[in-house]
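What follows draws every value from the coordinates through simple rules; no lab data is involved. These numbers come from a predicted model, not from an experiment. Every residue, glycine among them, receives a Cβ derived from its backbone with ideal geometry; neighbour counts consider all protein chains shown.
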Amino acid sequence: MKEFDPGDNAASIASVTDRVRPVALGMPVTSVHFLGERAAFVGAEESVAMVSPDGEISPVAAAGGGILCAVSNGTRIVMGGDDGKLVALDAKGEVALLATDPKRRWIDNVALHPDGAVAWSVGKTAFVRGGKGEDKFFEVPSTVGGLAFAPKGLRLAIAHYNGVSLWFPNMAANADVLEWAGSHLGVVFSPDNKFLVTAMHEPALHGWRLADNRHMRMSGYPGRVRSMSWSAGGKFLATSGADSVIMWPFASKDGPMGKEPAMLAPLQARVSMVACHPKQDILAAGYSDGTILMVRMSDGAEILVRRRGTAQVSALAWNTKGTLLAFAVEDGDAGLLAL
């Protein structure tokens, strides 16, 4: 294993693992996000645990039932639940009700736009609330599998069976449909707005170059891809689903078409979570056996953050400065690392 030094005060692997601050949450966590310098661990049920860098835990009752989805822009977390409610949690720990489905149906996908717009889905219907507070909706042919706002303009990608609908909520025109057979369960735009990538129900990704809708097939995974993360600058898309981190190149106008992906940090365990550093070409990878590694993209050098345990890593995130890494494991273990 190649080693690298992630900070001036960390000269060895042992020094990094020893600097991890354990967080006793006592609950399973589905995702983690940073609101300022506090990590917000989103539980599978009603609670969110707000954790300061020194380890102080402040539980927040954020929902009236199971939390099915959560997304953050660094200032608030928007969550949908099986009680049909869409709520927002801010850095002060205050919860605001944004919307309630009249039939109390599950809200199972959410997305946030940089200008404050929010999108959510119920069954086959996607909703968008813009900055002026008006709600608009669009129905797709099958259950929504994922939502993502384009980085430029108010355009929403709605993943569903047999493709993705690209909807402009402020325009009367019909949505553009990018077709590809199969069930699409997650969707991301590239940071430069040139590519769109979906995670399939099968062990593969599919993508389109948005200038001409040309297809990009990214297959060969042994398992489904459940975690995707863009590198700083968007040159690579890091993904889970294999026993190493699969890194697809997106620096050229053709993206990964005709190119092989890089494979980093191989282990005798499957990658369950990936999180790229917001400023440097470094990523954190969590595995099915509980191991967490930091990896330098240029040469694959690794450093151990957490030794393997008995459960897989379920949540992983950096703060916006890239100075704090938060993680959680399915058995309720969690931690914070300050770099």
| What's the center-to-center distance, using Cα atoms, between region 172-242 and region 106-145 in Å? | 19
| field | Environment charge of C276, counting only residues whose C-beta is closer than 13 Å and scoring Lys/Arg +1, Asp/Glu -1 | value | +2
| task | List the longest stretch of the chain that has no exposed loop site; here a site is one of the GluC sites (Glu not before Pro) assigned by DSSP to anything other than H, G, I, E or B, with at most 10 other Cβ within 10 Å. | result | 135-339
| request: For region 110-261, count the residues as N, evaluate 2.2 N^0.38 Å, and divide the Cα radius of gyration by that value, please. | output: 1.01
| query | Given only helices, namely DSSP H runs of n ≥ 4 each adding -39500 (n - 2.57), what is the per-residue ellipticity at 222 nm of the chain, to the nearest 500 deg cm²/dmol? | reply | -500 deg cm²/dmol
| request: Quick one: compute a quarter of the convex hull surface over the Cα atoms of region 91-189 and quote it in nm². | output: 7.0
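Once R0 is set to 51 Å, what does the formula 1/(1 + (r/R0)^6) return for the Cβ-Cβ distance between M171 and Q268, expressed as a FRET efficiency to the nearest 0.05? Spell out each step's value before the answer.
Values: r = 51 Å, r/R0 = 0.99.
About 0.50, to the nearest 0.05.
If you take the square roots of the eigenvalues of the alpha-carbon gyration tensor of the chain and sort them as a ≥ b ≥ c, do you get rounded (a/c under 1.5), prolate (a/b over b/c) or oblate?
On the way: a/c = 1.83, a/b = 1.19, b/c = 1.54.
Taking the square roots of the gyration eigenvalues as a ≥ b ≥ c, the chain is oblate.
May I ask you to derive the relative contact order of region 245-318, considering only C-alpha pairs under 8 Å and at least 6 residues apart, and to give it as an integer percent? Before the final figure, lay out each step's value.
Numbers: 148 pairs, mean separation 18.7, N = 74.
Once divided by the residue count of region 245-318, the mean separation gives 25 percent.
So if each residue of separation counts as 0.36 nm, and I subtract the Cα-Cα distance between L98 and E139, what length gain in nm does that give?
12.7 nm
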| Exceeding the 27 Å Cα-Cα cut-off - candidates K132/K152; K152/K279; K124/K321; K194/K259 | K124/K321
| field | Gyration tensor (alpha-carbon) shape descriptor, region 183-242, a/c threshold 1.5 | value | oblate
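Starting from region 77-116, pick out the trypsin sites (Lys or Arg not before Pro) whose DSSP state is loop and whose Cβ has at most 15 other Cβ atoms within 10 Å. Don't skip to the answer; put the middle values down first.
On the way: sites: K85, K92, K103, R104, R105; in loops: K92, K103, R104, R105.
Filter output for region 77-116: K92, K103, R104, R105.
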| Across region 176-193, in residue order, what do the Karplus-derived ³J(HN,Hα) couplings come to in whole Hz, using 6.51 cos²θ - 1.76 cosθ + 1.60 with θ = phi - 60° and x for Gly and Pro? | 7, 10, 9, 9, 6, 4, x, 9, 9, 10, x, 8, 9, 8, 6, x, 8, 6
| note | Other residues with Cβ under 12 Å from the Cβ of E202 give, with Lys and Arg +1 and Asp and Glu -1, a net charge of +2
| query | What is the mean projected area of the alpha carbon convex hull for region 203-318, to one decimal in square nanometres? | reply | 7.0
| note | For I77, the net charge from surrounding residues (Cβ-Cβ under 13 Å; K, R +1; D, E -1) works out to +1
| Once the mean 1/r over all distinct Cα pairs of region 17-104 is inverted, what Kirkwood radius in angstroms do you read off? | 13.2
| task | Provide the gained length on full extension for the span D54 to N193, in nm with one decimal, where the gain is 0.36 nm per separating residue minus the Cα-Cα distance. | result | 46.3 nm
| request: Choose one answer from A301, A311, A211: the residue with the largest mean-square fluctuation in a GNM of the chain with alpha-carbon springs under 10 Å. | output: A211
| field | Highest-fluctuation residue, M216, M171, M273 considered, GNM on the chain with Cα pairs under 10 Å | value | M171
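When the expected Rg is taken as 2.2 N^0.38 Å, what fraction or multiple of it is the alpha-carbon Rg of region 264-311?
Expressed relative to 2.2 N^0.38 Å, the Cα Rg reads 1.07.
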| request: Sticking with the crude label model, points 7 Å out along Cα→Cβ, report the distance from A251 to N162 in nm, one decimal please. | output: 4.0
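Could you tell me the relative contact order of region 183-268? Use alpha-carbon pairs under 8 Å, at least six residues apart, and round to a whole percent. Before the final figure, lay out each step's value.
Values: 179 pairs, mean separation 15.8, N = 86.
After rounding, I find 18 percent.
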